[in-house]
Amino acid sequence: MTVLHTLQTLRVALCIVLGAGSVAAKAPAGMHKVRDVVIYEDACFHCAFPSVVKRPDGEVLVAFRRAPNRLIYGEELNYHVDPNSYLVTVSSRDDGLTWTPEPRLLYADAFGGSQDPGLLQLRDGTLLCTSYGWTFIRPDGIPHLKQPVTHQPPGAVFNGGYYVRSTDGGQTWDGPLYPPHIPPEILNGPTREPVPAYNRGALIEGRDGRLFWVVAATEQVDPQRTGTYLLISEDKGLTWRYSCPVGTDPKVTFNETSIYETPQGDLVAFLRTGGYEDQACIARSTDGGKSFQPWEGMGFQGHPLHALRLPDNRVLLTYGYRHEPMGIRARILNAECTDYATAPEIVLHDDGGGFDLGYPWSVMLDDTHVLVTYYFNQPGRVPYIAGTILAIQ
């Protein structure tokens, strides 16, 4: 059954929510929330940080990070770092309505837990998936680390970024491959070597075939502050070179950034911030990634952000909202992403059970339908992977 068929049989439900959640703000003309879907949920696992692509054969592929639900062991919390977190995928053959029940392993790092898979599908069908990880060091090893390092309880030491590559639609993956260490990064990893570049956020394949990836770097440890920088690949992601700063500031932290190319050819970076009242920010390059103009606040709260081009060249910008009422929000921007301060906010969910939610990532299902994926939580449920299907006419 296609989404179009579902719309025809559920016309009376186009403007209401089917399932969890509610529409708390009127959507723009021609945009309807069709239904919410559960993509993957298992009470034994904490699931988070999805990304999504649609394959040329119609398969919708969602990657996410899965780790044991520590509450079943009597522990008090699930952390976002875990020695047994790894990357998995589920898929749909009916435009996001139903999903494979058991995840397929995408990648498990030999040296620690993995985070935040970021899928990019190239025009030739090649898939890239970026990630980064944490290596767990016993207390007697911590004093022997080469400073500076970043570590979180209980003994998780940041080990930087990596990525894997598939040429058979995600059936098998080559790697790990490692991006370069970039000059602004001051951290060392658990093996005493400078950490490779990393980040959570959407990469893009530009119209000239180059790949653009905004990565983060720790510029200061105490208090910790990160900035963002541009990497470029000219060989479909086999190698990367450092280009320029994207968002840096002596007081504001920038990380978790998605990049987007406009029809005019501008590169637009949508940045998550810290120390800036949780405000979303934007930075723009008009010279093909040689430099970025000074960053600007976008005038609203939310993070991280993802940008999706719609068939009419407008841009669906989605983001998590970790303020009451917590949930998932969106805006539709013009083709060049210049009206971010005035574009109406759309509330896709306002019924989140806590701050551990968000990280949306969207894909076109067909010419008039979008699937927005994210992770979500509600009272009595461990965070799970969910989605919202939108009709855009």
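Could you tell me what % of all Cα pairs in the range 133-206 have separations over 22 Å?
34
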(request) Compute the separation of the alpha-carbon centres of the range 324-343 and the range 39-108 and state it in Å as a whole number. (result) 27
(request) Collect residues whose amide H, placed 1.01 Å from N in the peptide plane, falls under 5 Å from the amide H of Leu106; neighbours closer than 5 in sequence don't count. (result) Leu87, Val88, Thr89
(message) Let me understand the range 239-300 better: what is its radius of gyration from the alpha carbons, and its Dmax, in angstrom?
(response) 11.8, 36
(request) For every other residue with a beta carbon closer than 11 angstrom to the beta carbon of Arg329, add +1 if it is Lys or Arg and -1 if Asp or Glu, then tell me the sum. (result) 0
(request) Would you mind telling me which residue in Phe158, Phe355, Phe376 has the biggest mean-square fluctuation in a Gaussian network model of the chain, where springs connect alpha carbons within a distance under 10 angstrom? (result) Phe355
(message) Below 8 Å, C-alpha to C-alpha, sequence gap of six or more: please give me the relative contact order for the chain in percent.
(response) 16
(message) Counting only Cα atoms, I'd like the Rg/Rh figure for the range 238-393, Kirkwood definition for Rh.
(response) 0.97
(request) Return the long-range amide H neighbours of Leu310 (sequence gap of 5 or more, or a different chain), with a cut-off of under 5 Å between placed amide H atoms. (result) Val315, Leu316
(message) With a 10 Å cut-off between alpha carbons and a GNM built on the chain, which of Ile182, Ile142, Ile332 moves the most?
(response) Ile142
(request) For the range 74-177, divide the Cα radius of gyration by the Kirkwood radius and give the resulting Rg/Rh value with two decimals. (result) 1.06
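Order by neighbour count: Thr257, Thr150, fewest other Cβ atoms within 10 Å first, most last.
Numbers: Thr257 29, Thr150 17.
Arranged by neighbour count, lowest to highest, Thr257, Thr150 become Thr150, Thr257.
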(message) Using the Cα centre of the chain as the reference point, and only Cβ charges (+1 on K/R, -1 on D/E), how large is the resulting charge dipole? Debye, rounded to the nearest 20.
(response) 80
(request) Find the eigenvalues of the gyration tensor of the Cα atoms of the chain, then list the square roots of 5 times those eigenvalues as equivalent ellipsoid semi-axes, largest first, in whole angstrom. (result) 31, 25, 21
(request) Net charge near Lys290: determine it from the other residues with C-beta under 15 Å of the C-beta of Lys290, scoring Lys and Arg +1 and Asp and Glu -1. (result) -2
(request) When a/c is below 1.5 the answer is rounded, else prolate if a/b is larger than b/c, else oblate, so apply that to the range 148-272 with a ≥ b ≥ c taken from the square roots of the Cα gyration tensor eigenvalues. (result) oblate
(request) Mind telling me which of Ile232, Ile39, Ile72 comes out most flexible in a GNM of the chain, alpha-carbon contacts under 10 Å? (result) Ile72
(message) As a test of the formula, what do you get for the chain when each DSSP H run with n ≥ 4 contributes -39,500 (n - 2.57) and the sum is divided by the residue count, at 222 nm and rounded to the nearest 500 deg cm²/dmol?
(response) -500 deg cm²/dmol
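Every number in this text was worked out from the coordinates using simple rules, so none of it is lab data. These numbers were taken from a predicted model, which means no experiment stands behind them. Here the Cβ is made from the backbone with ideal geometry for all residues, glycine too, and neighbour counts use every protein chain on show.
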